[in-house]
1. Tell me, what is the per residue accessible area of region 17-168 in Å², probe radius 1.4 Å?
2. How many percent of the accessible area of region 247-379 is carbon or sulfur, using a 1.4 Å probe?
3. Picking from Met61, Ser81, Tyr147, whose Cα lies most toward the positive end of the charge dipole for region 17-168 (charges on Cβ: Lys, Arg +1; Asp, Glu -1)?
4. To the nearest Å, what is the center-to-center distance of region 26-55 and region 235-250, using C-alpha atoms only?
5. Take each of the peptides 272-284, 46-58, average the number of other beta-carbon atoms within 10 Å over its residues, and list them starting from the highest.
6. Once each part is reduced to its C-alpha centroid, what is the distance from region 83-119 to region 143-166 in angstrom?
7. When only Cα pairs under 8 Å and 6 or more residues apart are kept, what is the percent relative contact order across region 17-168?
8. Quick one: of Lys66/Lys178; Lys140/Lys303; Lys315/Lys335; Lys66/Lys140; Lys127/Lys303; Lys34/Lys311, which pairs are farther than 21 Å apart, Cα to Cα?
Amino acid sequence: MKQVFVCVFGPAALRDPMAMERANLLNMAKLSIKGLIESALSFGRTLDSDYPPLQQFFVVMEHCLKHGLRVKKSFLGFNKSLWGPLELVEKLCPEAAEISASVRDLPGLKTPLGRARAWLRLALMQKRLADYLRLLITRKDLLSDFYENSALMLEEEGAVIVGLLVGLNVIDANLCVKGEDLDSQVGVIDFSMYLKNDIDDYRSEESQIASILDQKNYVEELNRQLNSTVHGLQGRVDSLEKSNSKLIEEVRPTRDVSVERDTYKQSRQGLDEMYNEAQRQLKEECQLRQDVENELVVQVSMKQEMELAMKLLEKDIHEKQDTLIGLRHQLDEVKAINVEMYQKMQSSDDEMKKKNNMISRLEEKTNQITATMKQLEQR
């Protein structure tokens, strides 16, 4: 199994069902988009509506966009309209007005859900799905009219999914929206497509997770040590303050108060400097931890981009190899035609030589006949 569908964000996430739903939908979106890109690159041609990974991608996207939709009351009852937030895109981006107009003009669509499904397919064919949804999630003030506060489109998971959708721009899709029954389709996620028994991939991902956890534990251990150091210094400050107060009480009344005050200030200043130094070290370690986490995120994204680039390069190499094989076949055919033309030219040259010999013989006979006729005329 390549992925675990429940992502742990902490104890608060376990107690919040909406957070668990967002985590599950994010993991499903990652699996769906990754599987669609990998299968499309190996498929090697334009995808159509019957392609199973593409169908499952639209089902997952529909569940993501439906998460946290507000229930609206109408004269027909209660419903959750997905078409409402998608219809806002044409107000934010004039280029999307063409898609919305095409969806409204489709004669077979009767429900808002069907229009929303048609909009997603047209945006994917236009390779602007990620751009349109990015504009939509930036306007949380408008989305709040359609979604609950903890909906996926209003949280960080929505931005992550929109970022993943950029990778779909390498896919060419040719979908027939007009003849498809989008109103009555049942959007059920087929988990069997993503539950693959690949032990090597599991071990490699397990090792990567283990290394990340080791680094995280190292940084946390440093933080714990610094926190214990800070607490120790704070305890020393408190004990020194108590000892100073006792000394002040125990000193003789004849002692100069100004000298005692200066001594107290000097000791207090030294303790403050030690405390500030410990605070500075703690901030540096926290910054180091943040830098390590950012570097991990950058490395993971670079790895994904390199894998995608390698797949595109392999595809390009295969296409060039096929073209080279075709050119070699054409070259062999041209060589065969040249050999055939050369043989025909040689045979035509031989025939010309034979004809020239015959002509020369006929000319000799003609000269002989002419000479004989002259001799006869002279007689």
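1. 45 Å²
2. 56 percent
3. Farthest along the dipole direction, towards plus: Ser81.
4. Cα centroid of region 26-55 versus Cα centroid of region 235-250: 71 Å apart.
5. Put in order of decreasing packing, that is 46-58, 272-284.
6. Cα centroid of region 83-119 versus Cα centroid of region 143-166: 19 Å apart.
7. Rounded, it is 31 percent for region 17-168.
8. Lys66/Lys178; Lys140/Lys303; Lys315/Lys335; Lys127/Lys303
The values are calculated or read from the model by the stated rules, or taken from the named source; none is laboratory data. Just so we're clear, the structure is a prediction, and the values are computed from it rather than from any experiment. Glycine also receives a Cβ, built like all others from the backbone with ideal geometry; neighbour counts cover every protein chain displayed. Surface areas here come from the heavy atoms of the whole protein model, side chains and all, with no ligands, DNA or RNA. Shrake-Rupley method; radii C 1.70, N 1.55, O 1.52, S 1.80 Å.
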